[in-house]
Every structure is written in C-alpha cells, then in structure tokens.
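What follows is one structure encoded as structure tokens, with my remarks underneath.
The values are calculated or read from the model by the stated rules, or taken from the named source; none is laboratory data. Please read all numbers here as calculations on a predicted model, not as lab measurements. Heads up, the Cβs are rebuilt from the backbone with ideal geometry, glycines too, and the neighbour counts pull from every protein chain shown.
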Amino acid sequence: MHRTFWTLGCVLGFLAVAAGAFGAHALRARLGPEMLAVWETAARYQMYHALALLAVAMAAARWPAGGWTAAGWLFTAGIAIFCGSLYLLAFTGTRWLGAITPLGGLCFLAGWAALALAGRAAVSP
C-alpha cells in the first residue's frame, strides 16, 4: 500500500503545483480576487495533503504493521472533495459546491487523527 500512497502523493503534488501556476498565470485575468483566493486555497491544501500522503507512504514502508491505510485514503478523499469542490467553485462560480467543501475538511481532520493513532501504535514500545 505504501507504493500506492507514494504514487498518489507525487501525482497530487505535481498537480497542485500545476494548479497553482495555472491560477497565478491563466486565471488571474479571468477570475475575480475572491474566486482566485478560493483557487489558491485549493492548491495549497492539495499540496499540504500530497506531502502528508508521502509521509504516510514512508511510515507504512518503515512500520508495515501500522494502520496507515485509513490515513492515506482519508487524505486522498479530502483532496478530492475539499480541493475538488473549491476548484469547481472558483472555476464555475456555482455556490452550492461550497456546501460540499466541509466534508473534505472532515476527511482531512480524520486523516490527521488516523495518522496520529497509527503512528502511536506503530512506534510505541
């Protein structure tokens, strides 16, 4: 499973850089400041959690018995839901997408909690 999370982390990190550059260059003239800020938030959180996926992959490789899978999939779901809904909101202006965003945030929070629990169980004496 660690190879899956490593690959996802790398791909999603790559896409976060691409999204940030796209927002800074291609969308600056097309989006207002409010929607550009939404786009930038999505790219930033995507990068944070792509890096978290790399941490999950490294931890899973180091301590295979840990419960890393839940954290990895929660981070992945958070990126899809939180960041995806913000990208769509910024690009389309469809406001109801903002109602979905907190579900992605909950996935991020649950992912961090799962990471903490897995790490505590894996590295405790």
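Data for the structure
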quantity: Residue among PRO102, PRO125 that alone is more than 16 Å from the chain's Cα centre (by Cα) and either in a helix (DSSP H, G or I) or at pLDDT below 95 (or both); calculated: PRO125
quantity: Selection from region 1-27 of residues that are of a type outside the set (A, V, I, L, M) and over 11 Å from the mean Cα position of the chain (by Cα); calculated: HIS2, ARG3, THR4, PHE5, TRP6, THR7, CYS10, PHE14, GLY20, PHE22, GLY23, HIS25
quantity: Condition met for LEU88 (of a type outside the set (D, E, K, R) and either touching a Cys at 6+ places or on another chain (Cβ under 9 Å) or buried (at least 21 other Cβ atoms within 10 Å of the Cβ) (or both)); calculated: no
quantity: Long-range neighbours under 6 Å by Cβ, at least six apart or interchain, first residue closer than 19 Å to THR4 by Cβ within region 68-90, second not in a helix (DSSP H, G or I); calculated: THR69/MET1
quantity: Failed item, numbered, when LEU97 is tested on (1) within 23 Å of ALA18 (Cβ to Cβ); (2) more than 12 Å from the chain's Cα centre (by Cα); (3) buried (at least 21 other Cβ atoms within 10 Å of the Cβ); (4) not small (Gly, Ala, Ser); calculated: (3)
quantity: LEU31 being touching a residue at least 40 places away in the same chain (Cβ under 8 Å), assigned to a helix (DSSP H, G or I) and either of a type outside the set (Gly, Ala, Ser) or touching an Asp or Glu at 6+ places or on another chain (Cβ under 7 Å) (or both); calculated: no
quantity: Matching entry among GLY72, GLY9, GLY20, GLY78 (being farther than 30 Å from ALA121 by Cα, among the small types (Gly, Ala, Ser) and part of a helix (DSSP H, G or I)); calculated: GLY20
quantity: Matching residues, region 95-125, being among the β-branched types (Val, Ile, Thr) and without any contact (Cβ under 8 Å) to a residue 40 or more places away in the chain; calculated: ILE100, THR101
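Every residue, every condition in (1) in contact with a Leu (Cβ under 7 Å, 6 or more places away or on another chain); (2) under 22 Å from ALA110 (Cβ atoms); (3) acidic (Asp, Glu); (4) buried (at least 17 other Cβ atoms within 10 Å of the Cβ), yes or no:
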{"residue": "PHE5", "(1), (2), (3), (4)": "yes, yes, no, yes"}
{"residue": "VAL17", "(1), (2), (3), (4)": "no, no, no, no"}
{"residue": "THR69", "(1), (2), (3), (4)": "no, yes, no, no"}
{"residue": "TRP73", "(1), (2), (3), (4)": "no, yes, no, yes"}
